[in-house]
């Protein structure tokens, strides 16, 4: 009786894994919505400068995460174009590029490490007033890439 029960448990587990495995790997390729609110009162325009995440819909980018901007330095107060690194601490980083003209722009990310391994994202940047900005877009975490 015990061997039949063990056989059923093992068979059921294997069946469940076989059914779930394709959906888990498919989910890594499915873009998910993301919204990040950040404040930039410490952003100076020097290299590097940073902004701080106030809130994020992605747990891997918690409040307090710093987003560093590494230039190039452009002498135009209305235009920013910069390599950007989301630094969530302890080796959890994502690398991308941001471009901002006036109060609007875009950022795209193509690489990550740690909890942000395989981070790919594209966001619209909007100015919320004062030193505050919102990123709205999509991302996917695919550690295979």
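The values are calculated or read from the model by the stated rules, or taken from the named source; none is laboratory data. Source: prediction; values computed, not measured. All Cβ positions, even for glycine, are placed from backbone atoms using ideal geometry, and neighbour counts span all protein chains on display.
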Condition set under 14 Å from residue 84 (Cα atoms) and at pLDDT 95 or above, scope segment 20-47, selection surrounded by the most Cβ atoms within 10 Å (Cβ to Cβ): answer is 38
Item to complete: Would you confirm whether any residue within segment 84-92 is in contact (Cβ under 8 Å) with a residue 60 or more places away in the chain and in a strand (DSSP E or B)?
Response: no
The residue from 66, 140, 90, 144 that alone is in contact with a strand residue (DSSP E or B) (Cβ under 7 Å, 6 or more places away or on another chain) and farther than 20 Å from residue 37 by Cβ is 140
